[in-house]
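Structure record follows, encoded as structure tokens.
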Amino acid sequence: MAMPGDRALILIPSFNDWAALRLLLPRLDLVMAKVPHWQVSVLVVDDASTEPLPQDWPGGGFHALGEVAMLHLRCNLSHQRAIALGLYHAYEFTDAQAVIVMDADGEDRAEDVRALLDEFERGGRREAVFAARTKRMEGLGFQFSYQAYKLVHWLLTGIEVRVGNFSVLPREALTRLMGVSDLWNHYAAAVYRARLPRRLVPVARGTRLAGESKMNFVSLLIHGLAAMSVFSDRIAARLLAASAGLAGAGLAMIAWMGMTWIAAGVLVLAAQSLTFAALFALTIVGRRSAMNFLPLRDSPHFILSKTICDGAGNARSAAESSLQGLGNVLAREESSAEAVQA
């Protein structure tokens with residue numbers, strides 16, 4: 001069970017979603033007031049928003065929410081990478097035992113946070129808890145595209161898409177993710193790929209509180225490709241196996257029917273797909289030895305600054321900065337080098 005004074009951080013990536021955030025934060029304040037054993041702060045990762053922060057943001061004073069801070073990125077890096085950098089900051093500069101990841105638009109409903117935290121407690125605070133979507137509110141066109149993406153993802157990876165970003169992450173899992181390169185591409189897929197223990201809680205997706213959704217077909221396509229890229233080696237292996245099966249079918253057709261133009265066409269197609277799949281698989285396997293992005297090492301380069309806001313719209317610079325983060329990285333590297341020499 002959580003003890004009084006246990007700290008939780010609500011991590012919210014945002015790009016020009018100030019109006020929705022102004023409505024979301026009071027709802028979170030009401031929800032967290034019902035779980036007083038957690039001391040809760042908020043970290044908004046500003047993904048280089050182009051719209052200025054409104055006056056008097058984030059609004060009136062909060063009772064359950066403590067510090068409301070903003071982490072400013074040097075440039076727009078996309079939703080998933082903003083989450084990765086926010087998780088790095090949570091690991092490096094906070095002692096939060098739980099990190100709650102949710103979107104800024106309100107589609108991750110504030111009232112569902114308590115259900116995730118309750119499941120987090122039932123798991124002994126050792127497992128990540130993800131919201132499994134039971135209902136979506138988007139239009140038919142988007143839902144059709146999303147279902148098509150889920151089918152393609154399952155065919156290529158063998159993994160069913162059931163979760164998004166909305167989740168509670170324990171400190172132990174956060175620590176392990178700092179060494180997972182896949183976090184740079186997709187948060188939920190990185191958790192699955194790292195085989196971190198996890199639980200699912202079925203919840204419905206809410207509606208946007210303000211503004212218009214930035215997710216369209218192109219955004220969904222990019223998001224889906226980023227998720228599947230985490231499992232690129234698995235995709236390469238499945239494509240190679242499928243191409244080998246197609247080649248075998250072509251040879252069997254020739255043995256049964258003789259060298260007809262249909263059998264010859266199937267054999268040529270199988271040879272081409274087998275060659276492509278083999279080259280793709282070798283490329284993917286070769287990349288596994290390359291130096292990739294490491295959250296713990298590389299994140300400070302992308303962080304510009306941090307500010308802490310109050311209800312009157314005032315902001316003050318925080319002590320943590322990208323330079324301090326780089327200093328921490330260098331200190332760890334020196335300590336590791338000394339340990340190796342010893």
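Taking the criterion of being closer than 25 Å to E119 by Cβ and either among the hydrophobic types (A, V, I, L, M, F, W, C) or part of a strand (DSSP E or B) (or both), the residues of the stretch 32-48 that qualify are M32, A33, V35, W38, Q39, V40, S41, V42, L43, V44, V45.
Do we find a residue being surrounded by fewer than 16 Cβ atoms within 10 Å (Cβ to Cβ), touching a residue at least 40 places away in the same chain (Cβ under 8 Å) and among the small types (G, A, S) anywhere in the stretch 162-182? Taking every residue of the stretch 162-182 in turn, at least one turns out to be surrounded by fewer than 16 Cβ atoms within 10 Å (Cβ to Cβ), touching a residue at least 40 places away in the same chain (Cβ under 8 Å) and among the small types (G, A, S). Residues in the stretch 191-214 that are out of contact with any helix residue (DSSP H, G or I) (no Cβ under 7 Å at 6 or more places or on another chain), modelled with pLDDT under 90 and closer than 20 Å to L116 by Cβ: A204, R205, G206, T207. Can you find even one residue in the stretch 122-145 that is more than 18 Å from H37 (Cβ to Cβ), among the basic types (K, R) and either at pLDDT 95 or above or touching a strand residue (DSSP E or B) at 6+ places or on another chain (Cβ under 6 Å) (or both)? No: the stretch 122-145 contains no residue that is more than 18 Å from H37 (Cβ to Cβ), among the basic types (K, R) and either at pLDDT 95 or above or touching a strand residue (DSSP E or B) at 6+ places or on another chain (Cβ under 6 Å) (or both). May I ask you to verify whether D46 is of a type in the set (D, E) and more than 16 Å from the chain's Cα centre (by Cα)? It is false that D46 is of a type in the set (D, E) and more than 16 Å from the chain's Cα centre (by Cα). In the stretch 34-54 there is no residue that is touching a residue at least 60 places away in the same chain (Cβ under 8 Å) and of a type in the set (G, A, S). A count restricted to the stretch 91-137 and to residues that are under 17 Å from A190 (Cα atoms) and among the aliphatic types (A, V, I, L, M) stands at 8.
Considering R7, R27, the condition of being part of a helix (DSSP H, G or I) and basic (K, R) is satisfied by R27 alone. Would the stretch 267-278 turn up any residue that is modelled with pLDDT of 70 or more, over 30 Å from E107 (Cα atoms) and hydroxyl-bearing (S, T, Y)? Yes, the stretch 267-278 contains a residue that is modelled with pLDDT of 70 or more, over 30 Å from E107 (Cα atoms) and hydroxyl-bearing (S, T, Y).
Considering the stretch 49-153, the qualifying strands (runs of 3 or more DSSP E), each wholly inside and each with 3 or more residues that are closer than 30 Å to S305 by Cα and among the β-branched types (V, I, T), run over 98-101. Do we find a residue being within 16 Å of D6 (Cα to Cα) and over 16 Å from the mean Cα position of the chain (by Cα) anywhere in the stretch 96-110? The answer is yes; a qualifying residue exists. Annotation note: Cβ proximity below 9 Å between a residue of the stretch 198-226 that is β-branched (V, I, T) and a residue that is part of a helix (DSSP H, G or I) and at pLDDT 85 or above (sequence gap 6+ or interchain) occurs for V201/D112; V201/A115; V201/L116; V201/D118; V201/E119; V203/D112; V203/A115; V203/L116.
On the given criteria, is L28 buried (at least 21 other Cβ atoms within 10 Å of the Cβ) and either under 22 Å from G179 (Cβ atoms) or without any contact (Cβ under 8 Å) to a residue 60 or more places away in the chain (or both)? No: the conditions fail for L28.
The values are calculated or read from the model by the stated rules, or taken from the named source; none is laboratory data. Predicted model, so just to flag it, every value in this text is computed and none were measured. With ideal geometry, Cβ positions are generated from the backbone for all residues, glycine too; neighbour counts draw on all protein chains shown.
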